[in-house]
Ligand SMILES: *Cc1c(COP(=O)(O)O)cnc(C)c1O
């Protein structure tokens, strides 16, 4: 074993500050240095094998060492590893956008790339906010979020989050939102029971929209499962009811599928369970099968068109990240979709228009 390798535990303790980790506790233990991945296993520097039960934080889809993804990255690295998406493009980014639109719920038309889930959430919030400026309704500036929600750790994403432990410390830095109840039947905050409640939690959200829609740009939520909030599953009919309220009151529906996307709930995307198309869909985590950071904010022609104009009208969406549309990450993501096609023959494909109607839960 080389010295560098032998020292990696010591270097880690000396030089790395780990996310979501109490470092005093961490410093008291010997670091686990992960060296290799094989299928569902991670193998550390001592040769110990671990089942990767958290899918490396919910990003890994088909396991470690997936030939389709390995090969896609290897091929791409010989051609081009990075080039900006500001004003120019690259083949993997363009191909992937087409494949994403093919498998997304019908009605979604344009893909805006970022690097991680939180950035893609920021994009969704700013997009929704600016959409209403361009549509001549500048008063629509606020958001409705859910209690127990998690949308990432940047300030906009924390503002629409609802987990006290993670979010309370930063309150003075955040913008205010209207908070609707969590769709948490087991500990219903309204003290009701499904189905006799008649989806009262969705109706509470509807009440907020009825009273305040003139100042509300969008509703943001994790569809079907509030993941970080404790794997809270929504009751049947909830999402469809929310979509109806958003339509009735002219408010954009932003669905954050960073955790639920790419087959996690048995469909390619969780919103398919209720046949709902959001105005803005946020993807991340599993997008590259757990290989490289990549996220996307996908929206409708209506939202996209609102930003079109002459340069001097300044309707441009002034937002972008350095690694947006990174060719290696996009190649990995194309490999991920290929792996879906190879391993799950009934998974959504371009031929079935995302399998929106045809793909049943057991098919993935
Ligand atoms: C993990 C997560 C995010 C944040 O993604 P990052 O890539 O960690 O920034 C956003 N939304 C949901 C629902 C998530 O689970």
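Summary of computed values
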quantity: Tally of residues being assigned to a helix (DSSP H, G or I) and within 16 Å of the ligand (Cβ to nearest atom) across segment 117-156; calculated: 14
quantity: 1 or more residues more than 16 Å from the ligand (Cβ to nearest atom) and either in contact with a helix residue (DSSP H, G or I) (Cβ under 9 Å, 6 or more places away or on another chain) or within 20 Å of residue 125 (Cα to Cα) (or both): qualifying helices (runs of 4 or more DSSP H) within segment 159-253; calculated: 200-212, 238-249
quantity: Test: residue in segment 254-264 that is more than 12 Å from the ligand (Cβ to nearest atom), surrounded by fewer than 24 Cβ atoms within 10 Å (Cβ to Cβ), closer than 30 Å to residue 42 by Cα and touching a residue at least 24 places away in the same chain (Cβ under 8 Å); calculated: yes
quantity: Which listed residue is surrounded by fewer than 18 Cβ atoms within 10 Å (Cβ to Cβ), modelled with pLDDT of 95 or more and within 30 Å of residue 80 (Cα to Cα), from 323, 304, 291, 249; calculated: 304
quantity: Qualifying positions in segment 104-116 - within 16 Å of the ligand (Cβ to nearest atom) and part of a loop (DSSP other than H, G, I, E, B); calculated: 115, 116
quantity: Close pairs (7 angstrom Cβ cut-off, 6 or more residues apart or separate chains): in the same structural domain as residue 292 (by TED's automatic domain parsing) in segment 89-102, assigned to a loop (DSSP other than H, G, I, E, B) anywhere; calculated: 90/80; 90/83; 90/325; 93/85; 93/325
quantity: Enumeration of residues in segment 263-288 that are part of a loop (DSSP other than H, G, I, E, B), closer than 22 Å to residue 343 by Cα and more than 10 Å from the chain's Cα centre (by Cα); calculated: 263, 264, 265, 266, 267, 268, 269
quantity: Criterion (assigned to a loop (DSSP other than H, G, I, E, B) and away from the ligand (no atom under 12 Å from the Cβ)) met by exactly one of 291, 304; calculated: 291
quantity: Segment 266-280 - residue that is within 16 Å of the ligand (Cβ to nearest atom) and in contact with a strand residue (DSSP E or B) (Cβ under 6 Å, 6 or more places away or on another chain) and, of those, farthest from residue 234 (Cα to Cα); calculated: 280
quantity: Single unsatisfied condition, residue 66 versus (1) surrounded by 14 or more Cβ atoms within 10 Å (Cβ to Cβ); (2) touching a strand residue (DSSP E or B) at 6+ places or on another chain (Cβ under 8 Å); calculated: (2)
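The values are calculated or read from the model by the stated rules, or taken from the named source; none is laboratory data. Source: prediction; values computed, not measured. A quick note on method: Cβ atoms are made from the backbone with ideal geometry, for glycine too, and the neighbour counts reach across all protein chains shown.
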